Amino acid sequence: MTTPDAAERSTTAQSTSDEPRFRYTPALAQEIELRWQDRWEELGTFHAANPTGPLTGPGGEGPSGDPFFIMDMFPYPSGAGLHVGHPLGYIATDVTGRFRRMCGDNVLHALGYDSFGLPAEQYAVQTGQHPRDTTEANIANMRRQLRRLGLAHDPRRTFATIDSDYVRWTQWIFLQIFDSWYDAEAPRPGGGTGRARRIAELEAELAAGNRPVPGHDGDNTGGAVWAALSREEQRDVVDAQRLAYVDSSPVNWAPGLGTVLANEEVTADGRSERGNFPVFQRNLRQWKMRITAYADRLTDDLEHIDWPEKVKAMQRNWIGRSAGAKVRFDVVGTAEYDPAGAGAQVEVFTTRPDTLFGATFMVVSPEHPLLDEVPSAWPDGTRSSWTGGYATPVEAVAAYRREAAGKTAVERQADAGKKTGVFTGHLALNPVSGLQIPVFTADYVLMGYGTGAIMAVPGGDERDAAFAEAYDLPVIHTVEPEGGLPEDFTGAYTGDGKVTGSTGPDLSLDGLTVPEAKVAITRWLEEKGIGEGATTYRLRDWLFSRQRYWGEPFPIVWDSEDRPIAIPDELLPVDLPDVPDYAPRTFAPDDVTSEPEAPLGRNEDWVKVTLDLGDGPREYRRDTNTMPNWAGSCWYYLRYLDPTDTEHLVDPALEKYWLGARHNATSGPAGGVDLYVGGVEHAVLHLLYARFWHKVLYDLGAVSSIEPFGKLFNQGYIQAYAFTDERGQYVPAAEVEGDELTGWTFQGKPVEREYGKMGKSLKNVVTPDEMYESYGADTFRVYEMSMGPLDLSRPWETRAVVGSQRFLQRLWRNVVSEETGELTVSEDPAETGTLRVLHRAIADVRAEMSNMRPNTAIAKLITLNNHLTGLDRVPREAVEPLVLMTAPIAPHIAEELWARLGHEHSLAREPFPVADPAYLVQETVTCVVQVQGKVRARLEVAPDIAEDDLREAALAEPNVVKAMDGRGVRTVIVRAPKLVNIVPA
RNA sequence: GCCCCGGUAGCCCAAUUGGCAGAGGCAACCGACUCAAAAUCGGUCCAGUGAGGGUUCGAGUCCCUCCCGGGGCACCA
């Protein structure tokens, strides 16, 4: 998409009449690149061979070498097209893939398109076109831009998530999850307990009486309780256990988007990640996925995969496992003032059960059921500061609950730290100290975490201390450090130490360490039956339905009783219907009372469907929700293995070959994709969801590996400078002149420079198309790879691209005459000096490439190339390995030179050069002689010089003698052959 | 506030286990080529590693404190 502007700006050398005919110009580069791209496609050069099935290697060959599965994060084709930042990761994986292929691996690398979801739909709505049209056009454009880059993908393995035969399997997986429940006690084949099982097995066990019926009391021995239920009641029991289930609970509702969202899609300040709209908590009936059942495995299995620590930490934090105990407090019910509390209990979760003696009050969240009934009068001892000025607990609690409900997440967030709350009138009994403690409600306790209630220990918790201070509540310290707390210490002590002040009628924790006390109190609670060790998670179940048009429809129908039924496999896929209007029903962004309305509901003919599900034709209503776009990206890596497969989600033999545990030398025990490259922004969204689905599929026997992505690599971003004029308006960055020293000007006027993203509105976009035209794809690839380490973000600088172009031009000139186009290489053997430089380069490049450091690999290639440039004639023996080593990074020019050097076949599978150790040892080594750490002399010595000889030679060196200045020698440190350090007395 | 990553030449970046601060590129400057310029080729210049302290014969590298930049989390009991 080269704009006329961009074309004019392309000032880099175009062919001019006096230029040598065969110079490596952008025009020649373009000709070479297009030719080789066609050739690769024609020959199927990058077809990866499957061990079974229709997908063979080039020429119908089977697999050879180790399988190596390399992947980019699923691209989402936007209407804006690509800028030069986007291909960075694609080039990096391509370079690695080409390198591994030359190292003999069977490389699988392909690219599909993630194409359902909000952005595509927003773009379609804005431009007034059907999302399918805009999405397909965007994919076509992106394909074109990427093809021009010369990526070594297997073109047979591409697809888009909107393809009907892809949707079919996405829906199929949904139905597998719908047809499963989590048996937390079931042993897993690979070790550990807890796995998904089929719903039929649950029904069988309930009918046989092997387990109690959830939600129904009574002894189910022999299936008595189960048998007593009606068919409808049985279905309700089972439906509530499914891994994909519908329930009514507080969810994130974004009126401005017209849909509900998953927790992961809401930012910390309560707005939608997409569009930045306010998000409200509404109680709505929605589809969810029971990802919480997998919380432990999702945390524990991180140990078995090679991911950046940062991402692992983000996942751990998001899952938020914390170990502690649940404790039940009796609410003191007396006829006089608290009939409501009689017999009630409040269960709390705490990570610090050892501080139970310090619990001087309790706090329940405003949504807590205990507050449905509160005493009608304030009990004795109620302080005026607790009541909020209300005459009765009933009024006070009602007012506070109302206030809390009206607060948006944003407001709650803004108030964090400032403690508000009110006494509920309830009193509870501290089970260890026997003291009566007041129960407060406050919005710093969240209904969604733990039990929605806490025991407040102001002596050991900062938040509780802040609340205690605001409401004049007593503080007891139960832990003190070595030497005790200072006399005047107030507030919370959260450090380590010994337990103190924790002796009650039949228990004492005094003198124990905190960990010891945790164990002791937990055991005591369990013995007394008033609590037990417990683990809670921050992770919530995954809200899976969206009220938008552009997504996979749920393969579910609802019967007349409003219970969900799976659509049979043979009726998949359920394609998106045409609706009169696909635009979402959106509302004013702050319209709290609005309700989601699914666009699919607008086609009554589609919603009403008559099916024969085994009991004769009946009328059903289709589910009108669509799936979030994460659905498609949860399993696409499996589809690459064979997108033509209509029989399986994935052929088990292929899954084992490409993804199984230890399928090659670097694959770990968890298996998975060998290299997965993408930005860090999906750390807890896509990567968590995909791991969850994979584990369900593992439990159900569809895959053998326990993790989808064995190695993850986060690439940095290409950033750019943007410039603003004196009004703060962005000016076209390409037309700004100047530098760091002189300052920056636009049309003669000074402008301010800022550093950040590349974007249309910032007027600093540079596109790959501009690069192809001005330099060619190879130069662009070399430049992107040479800018710096892959995991670092760095600024784009168009004027620096010429350095990469010069490298390729010199390489070209080392093989081909610019005047005649003839081969200029010499067939004579290379001199020893050249061979040393060559083999040094081979050894270094191999090491750098193996460790994904293309920037330093390129530096070594340039060094070798520059050496060859200095020779009268370049020996074939030296330049052929250079061409091969350049191939992963600049494949087109390498292929062209390889062909001109007389080779008939593509170099894509030529062995990557191997260094001859004989040329790696140097004839002489420069030895540095230091006196007291300062360099005083240099010696040329043999690499295998003996330590004693070296010491002597160093001490005899005139400069050393001078530096010693007559002082005696205390020590001599010899690190033969490179260093001698003399320490004077 | 807590956690993670980074700070080396005018700029982007290199630097095995602690061992000569410089591999490569950009820019600048000089020269060659040219009538001239661009392109090209050859060459030159430039920092003591964010600051301070410590360990060591020796610190960009290890330890401590602080500063700056980027990212993540943030009432999660």
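Just so it is clear, none of the values below were taken in a lab; they were calculated from the coordinates. All values reported here derive from a predicted model rather than from experimental measurement. All Cβ positions, glycine included, derive from the backbone under ideal geometry; neighbour counts span all protein chains shown.
Some points to look at:
- More than 16 angstrom apart: percent of Cα pairs within segment A:793-890: 56 percent
- Within-12-Å neighbourhood charge of A:Gly748 [Cβ basis; K, R +1; D, E -1]: -2
- Gyration tensor (alpha-carbon) shape descriptor, segment A:18-145, a/c threshold 1.5: oblate
- As a ratio to 2.2 N^0.38 Å, the alpha-carbon radius of gyration computed for segment A:925-984 takes the value 0.98.
- When each of the peptides A:445-454, A:133-142, A:528-537 is scored by the mean number of other C-beta atoms lying within 10 Å of its residues, the order from highest to lowest reads A:445-454, A:133-142, A:528-537.
- Note that segment A:587-604 has calculated 3J(HN,Hα) couplings of 10, 4, x, 9, 7, 4, 7, 5, 10, x, 9, 6, x, 5, x, 7, 10, 4 Hz, one per residue in order, obtained from phi through the Karplus relation 6.51 cos²θ - 1.76 cosθ + 1.60 (θ = phi - 60°); glycine and proline are x.
- Computed over the Cα atoms of segment A:180-241, the ratio of the radius of gyration to the Kirkwood radius (Rg/Rh) comes to 1.00.
- 5 angstrom amide H check on A:Glu347, placed H, neighbours 5+ away: A:Phe329
- Whole-number percent relative contact order across chain A, with pairs defined as alpha carbons under 8 Å at least 6 apart: 14 percent
- Ellipticity estimate at 222 nm from DSSP helix runs (n ≥ 4, -39,500 (n - 2.57)) divided over chain A, nearest 500: -9000 deg cm²/dmol
- Rounded, prolate or oblate (a/c below 1.5 giving rounded, otherwise prolate when a/b exceeds b/c) for segment A:460-511 by Cα gyration tensor: oblate
- Sorted peptide list for A:182-188, A:343-349, A:480-486, criterion being average Cβ within 10 angstrom, highest first: A:343-349, A:182-188, A:480-486
- Rounded if a/c under 1.5, otherwise prolate or oblate - chain A, Cα gyration tensor axes: prolate
- Taking amide H as placed 1.01 Å from N in the peptide plane, A:Ile556 has its amide H under 5 Å from the amide H of A:Ile567, A:Asp623, each at least 5 places away in sequence or on another chain.
- Kirkwood hydrodynamic radius (C-alpha pairs) into Stokes-Einstein, segment A:890-971, 37 °C and 0.692 mPa s, D in µm²/s: 192 µm²/s
- Taken one residue at a time, the phi angles of segment A:62-78 give Karplus couplings (6.51, -1.76, 1.60, θ = phi - 60°) of x, x, 9, x, 7, x, 9, 9, 10, 8, 9, 5, 3, x, 10, x, 9 Hz. Gly and Pro are set to x.
- For A:Phe709, distant residues with modelled amide H under 5 Å away: A:Val673
- The order of the peptides A:763-772, A:868-877, A:624-633 by mean Cβ neighbours within 10 Å, most packed first, is A:624-633, A:763-772, A:868-877.
- Pairs from A:Lys312/A:Lys695; A:Lys656/A:Lys695; A:Lys310/A:Lys711; A:Lys656/A:Lys711; A:Lys608/A:Lys695; A:Lys934/A:Lys962 whose Cα-Cα separation, in the structure shown, is over 24 Å: A:Lys608/A:Lys695
- Helix A:514-528 axis, angle to chain A major axis (alpha carbon atoms, nearest 10°): 40 degrees
- Rg [Å, one decimal], Dmax [Å, integer] - segment A:322-536, C-alpha atoms: 16.8, 48
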